[in-house]
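Shown next, in structure tokens, is the structure this report addresses.
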Amino acid sequence: MKKLKIYHLLILLLIFGCSSDDDSNNNTQNIAEDIVGIWNLTGYSSNSNTIETGRIVTESLSSSDYSLEFTDNPKEINVNGTLEVLVEETNNGNTSDFTYLVNGNFDEGFHTGEWRIENGNLITRSFENDPNEEGAFDLITEIVELTSNSLILKIDNAQYSSENSTQTGIRTLTYSKQ
């Protein structure tokens, strides 16, 4: 009788164990379907710290007509418009303020090129000139929120660390669907 109960328990564990994998695949598929379309940037913020130098940078949105278009076949991100970022940088006790532009019309941006969804995260390739160059890496972006009209993405800046530079902080991008 004991062997029969253990056998039933193992069958139940197998059934429930398999169903959670199916749910994960369905969730990934739903995210991939829901993210397709054009998203306009409505909010941007970043706080970062370079540990070795003590450099602290705070960034916020100044102005934007920047947008992302997620296509399904092929799975690519097309960028358009310009994002102007206000920066406050503190380095060795000195603080300076300035702005910089991200020009989507020249494929600049935090998310460009091919994309995929893994474990509820957006995965893209981060690089300067070529996706296969030394130092290029898969950028993992947490999808904090995805609804029919809202997309919030969060990047852990530690991904930008190298053997000579340790980065900390979070970058958050908020989009509304066009």
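Where the accessible area of segment 32-178 is counted over protein heavy atoms with a 1.4 Å probe, how much of it, in %, is carbon and sulfur? Numbers along the way, then the final one.
Values: 3450 of 8090 Å².
Using a 1.4 Å probe with all protein chains present, segment 32-178 comes out at 43 percent carbon and sulfur.
Accessible area per residue of segment 31-76 at 1.4 Å probe, in Å²? Mind showing how you got there, number by number?
Details: 2250 Å² over 46 residues.
On a per-residue basis, 49 Å².
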Can you check how the C-alpha radius of gyration of segment 64-178 compares to 2.2 N^0.38 Å, as a plain ratio?
1.14
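When 1/r is averaged over all different Cα pairs and the result inverted, which Kirkwood radius in Å belongs to segment 134-178?
Details: mean 1/r = 0.0837 Å⁻¹.
Kirkwood radius, segment 134-178: 12.0 Å.
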For residue 166, distant residues with modelled amide H under 5 Å away:
51, 52
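Using the Kirkwood radius over C-alpha pairs as Rh, can you work out the diffusion coefficient of segment 48-96 via Stokes-Einstein at 37 °C, viscosity 0.692 mPa s, in µm² per second?
Stokes-Einstein gives a translational diffusion coefficient of 247 µm²/s.
The values are calculated or read from the model by the stated rules, or taken from the named source; none is laboratory data. From a predicted model like this one, the values you see are computed outputs, not experimental measurements. For the accessible areas, the whole protein counts, side chains as well, though only heavy atoms, and no ligand, DNA or RNA atoms are used. Shrake-Rupley method; radii C 1.70, N 1.55, O 1.52, S 1.80 Å.
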